[in-house]
Amino acid sequence: MPRKALVATALVAIVLSGCARVPDSGPAVPVAIPGASQSTDSTITSVNAQLPGPGPDADESVQAYVNALAVTRNPGPLGDRYLPTPALRNAFSQNPSMVVVRGGIEKSVQEAGDEATATFSADLIGTVDSDGVFEEAENPKWQVQVGLTRIKGVWLFAEPPPLIVPENKFTESFSQETVYFSARPTTITGPTPLLVIPERRWLNEDIGDQITQIVDFVLAGPSEALSQVAENPLPNIKRTSRVAVQDGDLVIELEPQAEAMSRDALNAFVAEVGWSLNGKFSGAVRLNVGGRALDVQGFEARQDLGSWRRYNPAIVQRNLPTFQVQKGTVKVLNDPSARDVHRPYRLGTPVLSKSVRVAAISIDLVRFAVVRDEAAGQRLWVGDASGTLQPALRAPQIGRPSWGGNRATVLVPVGGRLFEVGVGNAGRPSEIQVVGPGGRRLRDITSVRLSIDGVRALIVAGNGVYVGTLTGATGRAPVLSVRPMTVPGVPLDVSWLGPLDAAVAVALPDQENRVALVRAPVDGSLAEQHGAIPNTGGPVRVSADPTENPESLVLLEVSGKRYVLRARGGTSDIAPAVATAPFYPG
């Protein structure tokens, strides 16, 4: 579902609204008229009673609205108080979007008879649209004008006002959910991919029925950024009633047009909602049309977890070991927080115990890729536990390889460029074209991490960190299309931390020779920075668990020592150990 680019210039009229009550069917939302509320929602009624209301002074009415935003971001009660007609309240509730700002909200009001214009301005961080997608602001200077009108001596908005969330209210205003979308067929995913790709969505905490909201997000399809690798298997299909949980089953009533869709499309939709709502129901997913089971030849209208588990490769049913390189040997750590290195990890071949610089091991612990110091430079080797060993690229300097969730190919930066090396044809690597904003080719890549789903990647190039999607047309070189991420400091290395966050090691510009860890959501929402580790020289490397439910500890190498940091902030009390290139599988 395409998203319009964020516009943050002065005097732009933006209709920013929200969904006060999830409709029973279709887009219509019941609305209440001030003074004669039609709502039966006790929560809405309670919130209405707490809200400051408009008055006979235009400036005071606008200030009252700003104060009301501190109580709720639900456009239902806000519309009840501040909009004069049912049509405006309905519009306010149909296309929810919120403005996230840093610092205070500036406002001014100009009156002209019974009409007035309110101007809101702030330092913009981004917006959360009606489908819960966060979009980072391209221009922090945000300003919007909204008309007011005086009715019976009271100033009300003549059009929907903006829903504004201060930065310090963001986490209490929204809960984050992982929503999954069906992979688009490409040369990367194959002609009929059984794969769902995760994307973070933000739910308004002031609005109930979150299960129905999440199903609506799935039906709306992936964001514009994800649409290069994901698609909507049921385009233009809507639900006809609220989503219900009956006897543990998730029951979704769809429009009759759903019975014209293919079996594969319906199976993909079941996988999308099953993974998106995993943990919120205990039984199966049931698709209905008109109160009966959806009827498509070859399609099972009731499917349990066993039917769609295979669509999500990021689910790993074990605790992953961690590894590091010490004195040219790859060794396994029984515990990432342990100070001592235990037994060598050989995988049936001596290549892991001689002159290894950096290494990567596949999620299934079967395949490996190592960079060794050799005469006149370095060489990449790929192999598996059976002892098969293949030499690949040779170059003066080779970066750390990355498997992602697959075992067939590995990505590796070499001389600022990015290559894909296949296990079966290690001697014939393919260069991946990395395309940044404006179609600019990036050729200064120093770090890459492929996601578990295999179609998204993080890179460090020059002084920036980027996230992107990997695609490819038949017979052509793969293309990684990336966009920059905003992090404090200068990025030095990057790793996936779960499927939706990046762990970025950065040099702090305001603290000489110190390295910090930044947890940066790949959707551009608010990042967290912690730690300030002295750096006396040498490589800086970071590694975190890339799986669905990641370990809470992040491994960071600075000045030849392994530090263990907590992903959610605060440094560990574990003393650093002498080590190099610590890493999780993937």
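Per-structure values
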item: Any pair with Cβ under 7 angstrom, 6 or more apart, that starts in the stretch 233-257 at a residue that is in contact (Cβ under 8 Å) with a residue 60 or more places away in the chain and outside any strand (DSSP E or B) and ends at one that is among the hydroxyl-bearing types (Ser, Thr, Tyr) and surrounded by 16 or more Cβ atoms within 10 Å (Cβ to Cβ); result: Arg242/Thr212
item: Any hit, the stretch 266-278, residues being outside any strand (DSSP E or B), in contact with a Gly (Cβ under 9 Å, 6 or more places away or on another chain) and not charged (D, E, K, R); result: no
item: Residue in the stretch 162-177 that is surrounded by the fewest Cβ atoms within 10 Å (Cβ to Cβ), counting only those that are closer than 15 Å to Ile125 by Cα and of a type in the set (D, E, K, R); result: Glu167
item: Members of the stretch 220-232 that are open to solvent by 10 Å² or more (accessible area, probe 1.4 Å) and either assigned to a strand (DSSP E or B) or in contact with a Pro (Cβ under 6 Å, 6 or more places away or on another chain) (or both); result: Glu224, Glu231
item: Options Ile207, Ile211, Ile252: the member that is touching a Cys at 6+ places or on another chain (Cβ under 7 Å) and within 30 Å of Thr72 (Cα to Cα); result: Ile207
item: Pick from the stretch 258-280, criterion in contact (Cβ under 8 Å) with a residue 60 or more places away in the chain and farther than 23 Å from Thr192 by Cα, ranking: most open to solvent (accessible area, probe 1.4 Å); result: Lys280
item: Residue in the stretch 194-212 that is part of a helix (DSSP H, G or I), within 28 Å of Thr547 (Cβ to Cβ) and touching a residue at least 24 places away in the same chain (Cβ under 8 Å) present; result: yes
item: Qualifying residue in the stretch 474-491 (condition: at pLDDT 95 or above, under 30 Å from Gly531 (Cα atoms) and among the small types (Gly, Ala, Ser)); result: no
item: So Pro585, is it touching a residue at least 12 places away in the same chain (Cβ under 8 Å), within 18 Å of the chain's Cα centre (by Cα) and part of a loop (DSSP other than H, G, I, E, B); result: no
item: Lone qualifier among Val522, Val515, Val542 - being open to solvent by less than 10 Å² (accessible area, probe 1.4 Å), closer than 22 Å to Gly468 by Cα and in contact (Cβ under 8 Å) with a residue 12 or more places away in the chain; result: Val542
item: Flag for Thr536 being modelled with pLDDT under 85 and over 19 Å from Ile363 (Cβ atoms); result: no
item: Verdict on Thr240 being of a type in the set (Ser, Thr, Tyr) and either out of contact with any Gly (no Cβ under 9 Å at 6 or more places or on another chain) or modelled with pLDDT under 95 (or both); result: no
item: Selected residue (criterion: nearest to Arg89 (Cα to Cα)) from residues of the stretch 178-193 that are open to solvent by less than 30 Å² (accessible area, probe 1.4 Å) and in contact (Cβ under 8 Å) with a residue 24 or more places away in the chain; result: Val179
item: Some residue of the stretch 131-146 being within 18 Å of Val273 (Cα to Cα) and not hydrophobic (A, V, I, L, M, F, W, C); result: yes
item: Test: Ala137 is within 20 Å of Asp501 (Cα to Cα), of a type in the set (Gly, Ala, Ser) and in contact with a Gly (Cβ under 7 Å, 6 or more places away or on another chain); result: yes
item: Tally, over the stretch 281-313, of residues that are out of contact with any strand residue (DSSP E or B) (no Cβ under 7 Å at 6 or more places or on another chain), surrounded by 14 or more Cβ atoms within 10 Å (Cβ to Cβ) and in contact (Cβ under 8 Å) with a residue 24 or more places away in the chain; result: 5
item: Residue list for the stretch 151-195, filter: among the aromatic types (Phe, Trp, Tyr), touching a Pro at 6+ places or on another chain (Cβ under 6 Å) and closer than 21 Å to Val133 by Cβ; result: Tyr180, Phe181
item: Count of the stretch 86-108 residues which are open to solvent by 40 Å² or more (accessible area, probe 1.4 Å), in a strand (DSSP E or B) and either aliphatic (A, V, I, L, M) or out of contact with any strand residue (DSSP E or B) (no Cβ under 9 Å at 6 or more places or on another chain) (or both); result: 1
item: Enumeration of residues in the stretch 537-556 that are touching a strand residue (DSSP E or B) at 6+ places or on another chain (Cβ under 6 Å), farther than 29 Å from Ser223 by Cα and not in a strand (DSSP E or B); result: none
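Quick grid of which residues meet (1) free of Cβ contacts under 8 Å to residues at least 40 places away in the same chain; (2) over 17 Å from Glu199 (Cα atoms):
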residue	(1), (2)
Asn463	yes, yes
Ala477	no, yes
Val482	no, no
Val487	no, yes
Leu492	no, yes
Trp496	no, no
Ala502	no, no
Val506	yes, yes
Pro509	yes, yes
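Results for (1) in a strand (DSSP E or B); (2) of a type in the set (Gly, Ala, Ser), shown as yes or no for each residue.
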{"site": "Phe281", "(1), (2)": "no, no"}
{"site": "Asn288", "(1), (2)": "yes, no"}
{"site": "Asp295", "(1), (2)": "no, no"}
{"site": "Glu300", "(1), (2)": "no, no"}
{"site": "Ser307", "(1), (2)": "no, yes"}
{"site": "Arg310", "(1), (2)": "no, no"}
{"site": "Leu320", "(1), (2)": "no, no"}
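The values are calculated or read from the model by the stated rules, or taken from the named source; none is laboratory data. Bear in mind the structure is a predicted one, so any value in this text is a computation, not a measurement. Neighbour counts are summed over all protein chains in view; Cβ atoms, including those assigned to glycine, are modelled from backbone coordinates with ideal geometry. These accessible areas exclude ligands, DNA and RNA; they are computed on the full protein's heavy atoms, side chains included. Shrake-Rupley method; radii C 1.70, N 1.55, O 1.52, S 1.80 Å.
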